[in-house]
Amino acid sequence: MKYLIIATIFYCLFANAYTLYQNEISLKCNGKRFENVTLTAYYPDYNEEQKAAGYLDKKGKLLNTLQDYIDNRADYVTLSMDESLGIPYGTKVCIPELNDHFGHRIVLEVRDSSFDLSGSGYSRADICVRSEIDSYDAIVNRVVTLVFV
Ligand SMILES: *[C@@H]1O[C@H](CO)[C@@H](O)[C@H](O)[C@H]1NC(C)=O
């Protein structure tokens with residue numbers, strides 16, 4: 001009986017450490033890295049004159065916000081980057097600083113661009129958030145690492 005308890009305790013310790021290790025791995029981003037990228041936020045604009053233009057991405061799909069993703073209502077977060085980079089629509093991007101902040105892996109996809117970003121290359125990226133208020137959050141207004149996974 002005593003041995004069984006000891007074995008159980010060891011098993012639990014090991015399983016716990018393994019889970020932490022797995023979680024740590026999943027927050028890491030492996031791929032082509034771009035450092036010192038200025039992240040800013042934008043949000044769907046339902047008052048835009050051309051209606052849909054304010055809340056659809058460049059191919060006419062609904063913008064997915066960071067809050068949609070965190071609430072499990074989206075598979076990815078819409079990211080906007082310089083059109084002239086020619087990044088294929090839907091390219092997956094990982095931002096380790098966001099993963100660390102939220103404690104789980106945030107999947108972003110490059111699906112939008114704007115006049116404002118033209119010519120900025122890999123030095124800027126705009127993340128889509130729920131509202132104007134959310135766009136002021138420091139976590140989405142900072143220098144980050146962009147990793148193309
Ligand atoms: C990013 O910025 C840091 C601090 O200013 C600098 O040391 C580093 O060389 C920069 N990295 C790149 C790839 O420009």
I'd like to check something: does the stretch 97-107 contain any residue that is within 16 Å of the ligand (Cβ to nearest atom) and out of contact with any Gly (no Cβ under 8 Å at 6 or more places or on another chain)? yes
Filter the stretch 38-71 down to the residues that are in a helix (DSSP H, G or I) and hydrophobic (A, V, I, L, M, F, W, C), then identify the one that is modelled with the highest pLDDT. 66
Out of the residues in the stretch 27-42 that are of a type in the set (S, T, N, Q) and within 25 Å of residue 135 (Cβ to Cβ), state the one that is farthest from the ligand (Cβ to nearest atom). 40
Of the conditions (1) surrounded by 14 or more Cβ atoms within 10 Å (Cβ to Cβ); (2) under 22 Å from residue 29 (Cα atoms); (3) within 16 Å of the ligand (Cβ to nearest atom), the single one that residue 120 does not satisfy is (2)
Is one or more of the residues making up the stretch 17-31 at negative phi, modelled with pLDDT of 90 or more and more than 15 Å from the chain's Cα centre (by Cα)? no
Say we look at the stretch 123-149 and pick out the residues that are within 16 Å of the ligand (Cβ to nearest atom) and among the hydroxyl-bearing types (Ser, Thr, Tyr); which of these is nearest to residue 32 (Cα to Cα)? 145
Checking 107, 77 in turn, the sole residue that is under 20 Å from residue 27 (Cα atoms) and surrounded by fewer than 21 Cβ atoms within 10 Å (Cβ to Cβ) turns out to be 107
Being touching a residue at least 60 places away in the same chain (Cβ under 8 Å) and under 17 Å from the mean Cα position of the chain (by Cα) narrows it down to one of 112, 71, 126, so name that one. 126
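The values are calculated or read from the model by the stated rules, or taken from the named source; none is laboratory data. The shown structure was predicted, so the numbers you read here are calculated from the model rather than taken from an experiment. Please note: Cβ atoms are built from the backbone with ideal geometry, for glycine as well, and neighbour counts cover all protein chains shown.
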